[in-house]
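Structure first, commentary second.
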Amino acid sequence: MFADRLDAARQLAAALRAWRDRNALVLAIPRGAVPMGAALAEALHADLDVVLVRKLGAPWQPEYAVGAIDETGWSFISDPSAADEDYLKAERERQLERLRQRRQMYSPGRAPIDPRGRVVIVVDDGLATGSTMIAALHAVRSQSPQRLICAVPVAAPDSLRKVEPYADEVVCLSAPPMFHAVGQFYGNFDQVEDDEVVACLARFRREPGA
């Protein structure tokens with residue numbers, strides 16, 4: 001469906017063109033969505049930053065999200081039957097520490113861009129369980145944006161329904177019924193590394209609205 005994340009970003013930019021030159025703020029969920037967010041922000045003449053959230057992994061499979069957590073410690077549990085409270089408490093602490101490390105790496109010496117009173121577009125490369133997007137939208141909503149938009153190229157239909165109440169608007173290009181994993185809808189779905197994230201953010205700090 002998408003050649004790669006940049007192709008997906010171009011298609012999202014077309015769907016979001018009403019927000020071009022409207023002083024929007026694009027907040028990408030690291031790491032995979034950051035190059036997408038940079039391309040989207042460039043197309044919309046918007047600012048770029050990250051919203052930091054982490055999935056809470058299941059005991060038997062860390063890649064399966066049983067929930068997610070944001071930088072404040074607020075967490076969302078999507079599958080309460082998957083782990084007991086002792087495990088979840090420890091997993092929250094592990095992921096909070098990872099979030100602290102990422103904030104130091106991605107935003108050295110500066111505060112995150114304030115979303116208050118702005119149109120904010122939260123972007124990810126897809127919704128599987130939807131947990132990290134819900135945590136991201138909750139984190140941004142608490143900072144009083146003017147309008148909060150969730151933007152994804154592809155999503156599992158049931159996850160899309162779970163996310164919708166947390167945003168003022170959801171832009172999703174496709175919600176196929178036979179959804180198994182985000183990567184199946186990309187020709188190239190290579191992992192994004194931290195240095196690429198840092199480079200994207202640094203470029204937009206040098207050239208606002210790059």
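Counting only protein heavy atoms and using a 1.4 Å probe, what share of the accessible area of region 60-210 belongs to carbon plus sulfur, as a whole percent?
50
Give the accessible area for C150 in Å² (nearest 10); use a 1.4 Å probe, count only protein heavy atoms, and leave out ligands, DNA and RNA.
0
Keeping every protein chain in place, order F2, F76 by accessible area at 1.4 Å, biggest value first, i.e. largest first.
F76, F2
Rounded to the nearest 20 Debye, what is the dipole magnitude of region 120-210 about its Cα centre when Lys and Arg each give +1 and Asp and Glu each give -1 at the C-beta?
Approximately 360 debye in magnitude.
When the Kirkwood radius is taken over all Cα pairs of region 30-136, what Stokes-Einstein diffusion coefficient follows at 25 °C and 0.890 mPa s, in µm²/s?
D, rounded to a whole number, is 166 µm²/s.
To the nearest 10 Å², what's M1's accessible area with a 1.4 Å probe?
Surface accessible to solvent at M1 totals approximately 120 Å².
On the full set of protein chains, 1.4 Å probe, figure out the accessible area of S144 and give it in Å² to the nearest 10.
S144 has an accessible surface of roughly 60 Å² with all protein chains in place.
Give me the 1.4 Å probe accessible area per residue for the chain, excluding ligands and nucleic acids, in Å².
That works out to 46 Å² per residue.
Filter the chymotrypsin sites (Phe, Trp or Tyr not before Pro) in region 105-210 down to the DSSP loop ones having no more than 11 other Cβ atoms within 10 Å, then list what survives.
When the chymotrypsin sites (Phe, Trp or Tyr not before Pro) of region 105-210 are filtered for loop state and at most 11 Cβ neighbours within 10 Å, nothing remains.
Of the options P59, F76, A128, report the single residue whose Cα projects farthest towards the positive end of the charge dipole of the chain (beta-carbon charges: Lys, Arg +1; Asp, Glu -1).
Comparing the listed Cα positions along the dipole, F76 ranks first.
What does the extension gain come out to for D86 and R141, with contour length at 0.36 nm per residue minus their alpha carbon separation?
Using 0.36 nm per residue and subtracting the Cα-Cα distance, I get 16.9 nm.
Which length gain, in nm to one decimal place, applies between R116 and R98 when the Cα-Cα distance is subtracted from 0.36 nm times their residue separation?
So the chain would gain 3.9 nm between R116 and R98.
If r is the Cβ-Cβ distance from R17 to E193 and R0 is 25 Å, what FRET efficiency results, to the nearest 0.05?
0.25
The values are calculated or read from the model by the stated rules, or taken from the named source; none is laboratory data. No experiment lies behind these values; they were computed from the predicted model shown. Quick reminder, even Gly has a Cβ in these numbers, built from the backbone with ideal geometry, and neighbours come from all protein chains shown. We work out accessible area using only protein heavy atoms, side chains counted, and drop any ligands, DNA or RNA first. Shrake-Rupley method; radii C 1.70, N 1.55, O 1.52, S 1.80 Å.
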